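What follows is one structure encoded as structure tokens, with my remarks underneath.
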Amino acid sequence: MSATDQENKHTAPDARARLRPGEPSEALDWLGSPVDCATCAWREGIRAQGLCKPMVACVHDRYAKRIERFLDTNPEASDAVLAHPYFEVRAIATKHASIFRLPALLNDPDPEVRAGAVMRLPARQGMRLRTDPDRKVRVAVAARLTGPDLVPLSTDDDYYVRMVVARRLPHDMLPLMMHDPEAEVRRAVARRIGEEWLMAMAWDVDPLVRLDVARRLSAQQLAVLIEDPDMRVRHAVAERIDPRHLSALAADDDPLVAEMARDRLQRLDREADGTVAAAAPPATGIVLAVDASRPGNGGSPDA
């Protein structure tokens, strides 16, 4: 590695991060004792090079941001702290540690550490944590898995895990989640499900789900939602529905829906008038063209 590369790799923390408002004004370790640089294992290396700084970037500080700055600046130190007693150190170290050291952390007692390991390891190594007791670990697993491997998480007890699954599950598997008990999950499904299944969600009990459906249905299919009980859905229908159905919406009980339908009808009428006018050339132009093509005796050119 060249001297320039070495310089780019290690940027002194005090040059890019300083004590910010809201950060602790003291340097305490995870047990609440003052941080002592004199006893630090990196005092003759990292510390001597100015690559750490108390209250800014320090792996011994209990404040997570300072630990993060230290390991971001000195990623090669990550492997050495994977067994640190403070979970924040282990969790942050998973971002930079050798991937070959991470499988053991899938058994770490802290969920932050397990989730961090899942996010870096090959997806299949995290499959056994699909039933992890902590939601953040299962969310991490869902964010890494693909295809059929996601299906067991589609019925997870936690709605956000299912939300992540709904955003990642292949389109042809999304019908499995059409009837999820959480409306937000069904909305995620409605935004991605294949068109052949979309119509089946037009009768969902939640109006926001139906609204998402209305935004994707074709102009012809929107007719099924003309009488939807929610005006937001009917308004979305009026914006895009096949013009043949606009008359019914122009008489809608909600003034905004009716106005949208009438505006579209008027616009269509104006466009129709404009199209007819543009298609018919001026009469004088026709006469001049015919006159120019006639022989002097007034007969046709072929006469």
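The values are calculated or read from the model by the stated rules, or taken from the named source; none is laboratory data. Just so you know, these numbers come straight off a predicted model, no measurement behind them. Cβ placement follows ideal geometry from the backbone for every residue including glycine, while neighbour counts extend to all protein chains displayed.
Table for the structure above
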item	result
Among residues of segment 118-133, those that are over 13 Å from Pro103 (Cβ atoms) and of a type in the set (Lys, Arg), counted	1
Which numbered condition Val137 misses (of (1) surrounded by fewer than 19 Cβ atoms within 10 Å (Cβ to Cβ); (2) in contact with a Pro (Cβ under 9 Å, 6 or more places away or on another chain); (3) in contact (Cβ under 8 Å) with a residue 24 or more places away in the chain)	(1)
Qualifying residue in segment 3-16 (condition: in contact with a strand residue (DSSP E or B) (Cβ under 9 Å, 6 or more places away or on another chain), buried (at least 17 other Cβ atoms within 10 Å of the Cβ) and at pLDDT 85 or above)	no
His96 vs. criteria in a loop (DSSP other than H, G, I, E, B) and either modelled with pLDDT under 95 or of a type in the set (D, E, K, R) (or both)	no
Subset of segment 68-88 that is assigned to a helix (DSSP H, G or I) and in contact with a Phe, Trp or Tyr (Cβ under 8 Å, 6 or more places away or on another chain) - its residue that is modelled with the highest pLDDT	Glu88
Residues located in segment 99-120, provided they are among the acidic types (Asp, Glu) and assigned to a loop (DSSP other than H, G, I, E, B)	Asp108, Asp110
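Matching residues to (1) surrounded by 13 or more Cβ atoms within 10 Å (Cβ to Cβ); (2) without any contact (Cβ under 8 Å) to a residue 40 or more places away in the chain:
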{"position": "Leu28", "(1), (2)": "yes, yes"}
{"position": "Cys37", "(1), (2)": "yes, yes"}
{"position": "Lys53", "(1), (2)": "yes, no"}
{"position": "Ser98", "(1), (2)": "no, yes"}
{"position": "Pro111", "(1), (2)": "yes, yes"}
